[in-house]
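Enquirer: Structure incoming, see below.
The values are calculated or read from the model by the stated rules, or taken from the named source; none is laboratory data. Just so you know, these numbers come straight off a predicted model, no measurement behind them. Positions of Cβ are generated from backbone atoms using ideal geometry, with glycine treated the same way; all protein chains shown enter the neighbour counts.
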Amino acid sequence: MTFVSTALRRAVAAGALAALMSGTALAQTTLRVVQHGNLTVLDPIWTTAYVTRNHGYLIYDTLFATDAKLEVKPQMVDTWKVSDDKLVWTFTLRDGLEWHDGKPVTAEDCIASLQRWGKRDAMGIKLMDFVKEFKAVDAKTFQMILKEPYGLVLDSLGKPSSNTPFMMPKRIAETDAFQQFKEYVGSGPFIYQANESKPGEKHVYLKNPKYKPRAEPPSGLAGGKVVKVDRVELVEMPDTQVQVNALLAGEIDIIEAPPHDLLPVLTADKNVALEDWNPLGHVFIIRFNHVVKPFDNPKIRLAALYAINQEDYLKATIGNPKYYKVCGAAFICGTPFGTEKGSEILVKSNFEKSKALLKEAGYDGTPIVLMQSTTLPVLTNTAPVTKSLLERGGFKVDMQSMDWQTLVTRRTKKDPPSAGGWNVFHTYSVSADAVNPISNAYFVAAGDKSWFGWPTDPEMEKLRDMFSRETEPAKQKALAEKVQLRALETGQFGWIGQWYGPGARRANVTGWLQAPIPVFWNIEKKGG
């Protein structure tokens, strides 16, 4: 007998009760989805968490978007032009863009949204270094005026993943970028239903009846966002076995990231299909805290990297070689800037070198605090592997287990571990986030402007700046290689293997687009 989670029963019952109380019928077609983790933060600029980014794509829209070939296409923008001196970019919005509260989308809304995003995102911060000012020309047209030409304007505005430059009403976008906003109004294809949503159980979205898709067919994140279901419910169900049982029983429709060890169970059922929605895959990351001991010392960071063995992580987390790749390329194997030069340090352990560096650095044996996430299945085994490898390399390790949301909150702390801080943790990125030195946030080395871990390296920032100004592909590639080598020289962080993982869906659910993000427009569900 298939077990149905208490959380799911409560979620379904709550939805039915809400409908009865309001005097309305349940939505004709409801798509029930389980994400890779619980959604607790709803501000996609405040956090880089992918569950929040996914929420963002449901209710917000973007000026530009990447298609299935990762080429940038207009989305909310109708037309744009660039002045001959490459300093003035003029954007005009499409007709009929409207916020969920019924007000029109304006140029001033977009300016405020870009400014807030530009305070948090790696590509946004770099873009803003080149921006002199924004000007609203009229209600639908605005200009971005640069101090000097910049070759990554459209790549930045069409950035597919965290932090994605979502457009929001000006009153919301003017919220301090380092504080979470509390109002969730977008112009996207779905409308968030705060009154029906309950973190820990489910989040509810209704089809936006006033949304006007682009005329082009959908491709990746670009083209027409045609919604073919009436309602999406993000059902929160942390136990992976319960997720699989619920999918097999038809109680949910999609699992974004089923665990690899349960894929054979899913493929054995004719009513379930696997969907390779992100063929470019993901990359595992090990991140050090540069502002507290001992990883403020580059020799100790290097000692940790010398202890790394990529395949140990991939075997422990993914298991099946069909779904992983040992790869020393920070910018992803098989992409234009992917090179494995200098990366031997990450591919195979050298424990003697690790111990020698610790001795040179004067490591005093104080245990390092390694945060382990226990609620994202694909990350659960990364920390135990690190603990074993680092201990063999001469470290003492205090592995502290916690759910992902606790880790996401704790990683913001710059305090020493004794005061609630941390030394090292693992995460992963969709490969589309990591394909060049500007989009890959882990390479930012600008102190407080850096991603969690806060590295400071003027030489790295000089190289990234040179890359951002370069337009010749061969020279860009040479600079990307220098960026990678610099990160390895200083032990800035480690990229520890690429992996792939299909989603799972009921056979009556079709139209799941290939993109770096799981998106729910274009999906059709037969049978209600």
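Enquirer: Output the number of the condition that Val435 fails; it satisfies all remaining conditions of (1) at pLDDT below 95; (2) surrounded by 19 or more Cβ atoms within 10 Å (Cβ to Cβ); (3) within 30 Å of Glu236 (Cβ to Cβ).
Expert: Val435 satisfies every listed condition except (3).
Enquirer: Taking the criterion of being under 21 Å from Thr471 (Cα atoms) and either touching a residue at least 12 places away in the same chain (Cβ under 8 Å) or in a strand (DSSP E or B) (or both), would at least one residue in the stretch 100-117 satisfy it?
Expert: Of the residues in the stretch 100-117, the ones under 21 Å from Thr471 (Cα atoms) are none.
No, the conditions are met nowhere in the stretch 100-117.
Enquirer: Given the structure, is Gly124 of a type in the set (Gly, Ala, Ser) and in a loop (DSSP other than H, G, I, E, B)?
Expert: On the way: of a type in the set (Gly, Ala, Ser): yes; in a loop (DSSP other than H, G, I, E, B): no.
No; evaluated as a whole, the condition is false for this residue.
Enquirer: Going residue by residue through the stretch 381-397, is there one that turns out to be closer than 21 Å to Trp495 by Cα, assigned to a loop (DSSP other than H, G, I, E, B) and under 22 Å from the mean Cα position of the chain (by Cα)?
Expert: Yes; the residues of the stretch 381-397 include at least one that is closer than 21 Å to Trp495 by Cα, assigned to a loop (DSSP other than H, G, I, E, B) and under 22 Å from the mean Cα position of the chain (by Cα).
Enquirer: Please find, within the stretch 49-58, the residue that is surrounded by the most Cβ atoms within 10 Å (Cβ to Cβ) out of those that are within 12 Å of Asn163 (Cβ to Cβ) and modelled with pLDDT of 90 or more. Quick ask: steps written out before the conclusion?
Expert: Here is the first cut: in the stretch 49-58, the residues within 12 Å of Asn163 (Cβ to Cβ) are 49-50, 52-53, 56.
From what's left, modelled with pLDDT of 90 or more: 50, 52-53, 56.
Working: Tyr50: 27, Thr52: 22, Arg53: 22, Gly56: 25.
My answer is Tyr50.
Enquirer: Return the only residue of Gly342, Gly421, Gly365 being touching a Lys or Arg at 6+ places or on another chain (Cβ under 8 Å) and within 30 Å of Ser162 (Cα to Cα).
Expert: Gly421
Enquirer: Does Phe395 meet the test of being modelled with pLDDT of 95 or more, within 30 Å of Leu70 (Cα to Cα), touching a strand residue (DSSP E or B) at 6+ places or on another chain (Cβ under 9 Å) and buried (at least 23 other Cβ atoms within 10 Å of the Cβ)?
Expert: On the way: modelled with pLDDT of 95 or more: yes; within 30 Å of Leu70 (Cα to Cα): no; touching a strand residue (DSSP E or B) at 6+ places or on another chain (Cβ under 9 Å): yes; buried (at least 23 other Cβ atoms within 10 Å of the Cβ): yes.
No, not satisfied.
Enquirer: Would you call Val424 modelled with pLDDT under 95 and under 25 Å from Thr47 (Cα atoms)? Spell out how you get there, then give the answer.
Expert: Details: modelled with pLDDT under 95: no; under 25 Å from Thr47 (Cα atoms): yes.
No, not satisfied.
Enquirer: If you don't mind, another one. Look at Asp433 and say whether it is acidic (Asp, Glu) and closer than 15 Å to Phe493 by Cβ.
Expert: Details: acidic (Asp, Glu): yes; closer than 15 Å to Phe493 by Cβ: yes.
Yes, satisfied.
Conditions (1) among the β-branched types (Val, Ile, Thr); (2) surrounded by 15 or more Cβ atoms within 10 Å (Cβ to Cβ); (3) free of Cβ contacts under 8 Å to residues at least 24 places away in the same chain; (4) within 30 Å of Val291 (Cα to Cα), marked per residue:
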position: Gln484; (1), (2), (3), (4): no, yes, no, yes
position: Gly494; (1), (2), (3), (4): no, yes, no, yes
position: Gly497; (1), (2), (3), (4): no, yes, no, yes
position: Gly503; (1), (2), (3), (4): no, yes, no, no
position: Ala507; (1), (2), (3), (4): no, no, no, no
position: Val519; (1), (2), (3), (4): yes, yes, no, no
position: Gly527; (1), (2), (3), (4): no, no, yes, no
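Enquirer: Next up: Anything in the stretch 210-225 that is closer than 15 Å to Leu97 by Cα and surrounded by fewer than 18 Cβ atoms within 10 Å (Cβ to Cβ)? List them, or say none.
Expert: Those that are closer than 15 Å to Leu97 by Cα and surrounded by fewer than 18 Cβ atoms within 10 Å (Cβ to Cβ): Lys210, Lys212, Pro213, Ala215, Gly224.
Enquirer: Among the numbered conditions (1) out of contact with any Ser or Thr (no Cβ under 9 Å at 6 or more places or on another chain); (2) under 25 Å from Arg469 (Cα atoms); (3) touching a residue at least 24 places away in the same chain (Cβ under 8 Å), tell me where Lys126 comes up short.
Expert: (1)
Enquirer: Of (1) under 26 Å from the mean Cα position of the chain (by Cα); (2) surrounded by fewer than 21 Cβ atoms within 10 Å (Cβ to Cβ), Pro44 satisfies all except one. Which?
Expert: The one condition Pro44 does not meet is (2).
Enquirer: Across the stretch 63-91, what is the total count of residues that are of a type in the set (S, T, N, Q), touching a residue at least 12 places away in the same chain (Cβ under 8 Å) and in a loop (DSSP other than H, G, I, E, B)?
Expert: Taking the stretch 63-91 and keeping what is of a type in the set (S, T, N, Q), we get 66, 75, 79, 83, 90.
If we keep only those that are touching a residue at least 12 places away in the same chain (Cβ under 8 Å) too, we end up with 66, 75, 79, 90.
Cutting the leftovers down to in a loop (DSSP other than H, G, I, E, B) gives us 75.
The number of residues fulfilling the criteria is 1.
Enquirer: Going residue by residue through the stretch 353-372, is there one that turns out to be at pLDDT below 95, of a type outside the set (Lys, Arg) and not in a helix (DSSP H, G or I)?
Expert: No, the conditions are met nowhere in the stretch 353-372.
Enquirer: For the stretch 412-453, give me the residue count where each residue is hydrophobic (A, V, I, L, M, F, W, C) and outside any helix (DSSP H, G or I).
Expert: So the first thing to find is which residues in the stretch 412-453 are hydrophobic (A, V, I, L, M, F, W, C), and the list is 419, 422, 424-425, 430, 432, 434-435, 438, 441, 443-446, 451-452.
With outside any helix (DSSP H, G or I) added as a condition, the list becomes 422, 424-425, 430, 435, 438, 444-446, 451-452.
Residues flagged as hydrophobic (A, V, I, L, M, F, W, C) and outside any helix (DSSP H, G or I) within the stretch 412-453 amount to 11.
Enquirer: Might you check whether a residue that is closer than 30 Å to Arg410 by Cβ and within 22 Å of the chain's Cα centre (by Cα) occurs anywhere in the stretch 466-479?
Expert: From the stretch 466-479, those closer than 30 Å to Arg410 by Cβ are none; that's our starting set.
The answer is no, given that none of the residues of the stretch 466-479 is closer than 30 Å to Arg410 by Cβ and within 22 Å of the chain's Cα centre (by Cα).
Enquirer: Name, by its number, the condition in (1) within 16 Å of Phe395 (Cβ to Cβ); (2) surrounded by fewer than 21 Cβ atoms within 10 Å (Cβ to Cβ) that does not hold for Lys325.
Expert: Of the numbered conditions (1) within 16 Å of Phe395 (Cβ to Cβ); (2) surrounded by fewer than 21 Cβ atoms within 10 Å (Cβ to Cβ), the odd one out for Lys325 is (1).
Enquirer: Residues being assigned to a helix (DSSP H, G or I) and small (Gly, Ala, Ser): count how many of those fall in the stretch 398-411.
Expert: Filtering the stretch 398-411 for residues assigned to a helix (DSSP H, G or I) gives 404-410.
Next, from what is left, pick out any that are small (Gly, Ala, Ser): none.
The qualifying residues number 0.
Enquirer: Quick check on this structure: which one of Ala273, Ala268, Ala304 is more than 24 Å from the chain's Cα centre (by Cα) and surrounded by 23 or more Cβ atoms within 10 Å (Cβ to Cβ)?
Expert: Checking each option against the conditions leaves just Ala304.
Enquirer: Okay, moving on. Of the residues that sit in the stretch 94-153 and are modelled with pLDDT of 95 or more, aromatic (Phe, Trp, Tyr) and over 24 Å from Gly223 (Cα atoms), which one is surrounded by the fewest Cβ atoms within 10 Å (Cβ to Cβ)?
Expert: Applying the filter and picking the extreme gives Phe134.
Enquirer: Restricting attention to the stretch 185-225, which residues are hydrophobic (A, V, I, L, M, F, W, C), closer than 15 Å to Asp67 by Cα and touching a residue at least 12 places away in the same chain (Cβ under 8 Å)?
Expert: Step one: filter the stretch 185-225 for residues hydrophobic (A, V, I, L, M, F, W, C), giving 185, 190-191, 194, 204, 206, 215, 221-222.
Filter once more, keeping what is closer than 15 Å to Asp67 by Cα: 215, 221-222.
Within the stretch 185-225, Leu221, Ala222 meet the criteria.
Enquirer: Being in a loop (DSSP other than H, G, I, E, B), of a type outside the set (Gly, Ala, Ser) and crowded, with 20+ Cβ neighbours inside 10 Å narrows it down to one residue among Leu463, Leu488, Leu513; which is it?
Expert: Numbers: Leu463 fails: in a loop (DSSP other than H, G, I, E, B); Leu488 fails: in a loop (DSSP other than H, G, I, E, B).
Answer to the selection: Leu513.
Enquirer: Hey, could you check the stretch 465-504 for residues that are out of contact with any Leu (no Cβ under 8 Å at 6 or more places or on another chain) and closer than 30 Å to Val265 by Cα and say which is modelled with the lowest pLDDT?
Expert: Restricting to residues being out of contact with any Leu (no Cβ under 8 Å at 6 or more places or on another chain) and closer than 30 Å to Val265 by Cα, the top hit is Gly501.
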